[in-house]
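Since the structure comes first, as structure tokens, the remarks are kept for the end.
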Amino acid sequence: MFISPMLLQTAPGPFSHSDFIYEPKVDGHRLIYSQQGGNVRLYTRHNNDCTRQYPELQLPFDDDIILDGEVACVDPVTGVSDFESVMSRFQARRADKVKQLAATLPAYYAIFDVLHYKGQDMRGLPLMRRKEVLAGLSLPSASFVIVSHVEGAGEALFAQIEARGMEGVVGKRKHSLYETGRRSHAWQKVINWVYAEVYITGFRKQEFGWLAAVPDPSGRLRPAGIIELGASPLHKQAFRGVAGQLVTGWSPGCARRSECETGPSPACCGAQCLRSSSFNK
């Protein structure tokens, strides 16, 4: 059984308030864990079944339950959740690849809410009552954790999160009900933004993305990655409106020219279609 999750508003900055609790924001993807009749299914926030991608999370609880949380992977070097790693897990489809990644890149489920338990709909209960139910659960394995929280001290928690290079903080009103499928001011995220100046050197048509580059010590641009998130449909439309004026040509023999259009230098999408443009003359 899938339940559309409650969504977060964005706070303008760190804040503290006695009516709020504050949790670390886990850098993974949203996951609804549903156990009905002993059968476990896992869903993304958009109701995509991703059960097979996470075999270590297919373990049952003592009773039927629906939980809300984030699935994530930890970078063994930093000890911090790593979004790219969990995306590798999510994108794996072949059984042998899933099995390999489960061993080499284990995922964990960070639980922060309970929506149904023992046949009871918990969404109409205040958040702190739902937290009490969570605290009393017997977890199936070490791959399941309950997200900790502090009361009132949002700015102090954010300072710790910022120092560790983690994603951010979520502030939640103590008495908030669970608003299914709605973006609510009762839950607010404070993102620990990290800024960098990059050059947009091209774009990918399929699965839209901007190809980014940074200058090396000699001043030449080198690929830095693909910006896939953050561009709204309006931004994409505006960019496509001017893109034709920016692309100057294709490199000979490009096998993927229908998928990717690049700018001033070969970029990291695999196509490397365009070798020069007016930008670097």
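The values are calculated or read from the model by the stated rules, or taken from the named source; none is laboratory data. Owing to the predicted nature of the structure, the values given are computational and were not obtained by experimental measurement. As a convention, Cβ positions derive from the backbone with ideal geometry for all residues, glycine included, and neighbour counts pool all protein chains shown. We work out accessible area using only protein heavy atoms, side chains counted, and drop any ligands, DNA or RNA first. Shrake-Rupley method; radii C 1.70, N 1.55, O 1.52, S 1.80 Å.
Dividing the radius of gyration of the alpha carbons in the range 78-206 by their Kirkwood radius gives 1.02 for Rg/Rh. Shown for the chain: the carbon plus sulfur share of the solvent-accessible area, taken with all protein chains present and a 1.4 angstrom probe, equals 51%. Solvent-accessible surface of the chain, taken per residue with a 1.4 Å probe and all protein chains present: 54 Å². Test of the criteria: in the range 165-201, which chymotrypsin sites (Phe, Trp or Tyr not before Pro) are in a DSSP loop and have at most 14 other Cβ atoms within 10 angstrom of their Cβ? Here the sparse-neighbourhood loop sites are TRP193, TYR195. Within the range 180-209, none of the trypsin sites (Lys or Arg not before Pro) combine a DSSP coil assignment with at most 11 other C-beta atoms in a 10 angstrom radius. Here the range 162-228 is assigned +1 on the Cβ of each Lys and Arg and -1 on the Cβ of each Asp and Glu. Its dipole about the Cα centre then comes out at about 340 debye. Annotation: Cα Rg of the range 6-72 relative to the compact-globule expectation 2.2 N^0.38 Å equals 1.37. Helix 154-164 and the long axis of the chain differ in direction by around 50°, with both axes built from C-alpha atoms. Hey, if you put +1 on the Cβ of every Lys and Arg and -1 on every Asp and Glu Cβ in the chain, which of LEU211, GLY69, SER34 ends up farthest toward the positive end of that dipole? My answer, from the dipole projection, is LEU211.
Averaging 1/r across all pairs of distinct Cα atoms in the chain and inverting the result yields a Kirkwood radius of 21.2 Å. Taking the Cα centre of the chain as reference, the dipole from Cβ charges on Lys and Arg (+1) and Asp and Glu (-1) amounts to some 980 debye.
If you take the Cα centroid of the range 1-80 and the Cα centroid of the range 103-178, the two points sit 9 Å apart. Close Lys pairs in the chain (alpha-carbon distance under 13 Å; sequence gap of 8 or more, or different chains): 6. Relative protection proxy for 154-167, 218-231, from highest mean packing down: 154-167, 218-231 (other beta-carbon atoms within 10 angstrom). Taking Cα atoms only, the orientation of helix 95-104 departs from the longest principal axis of the chain by about 80 degrees.
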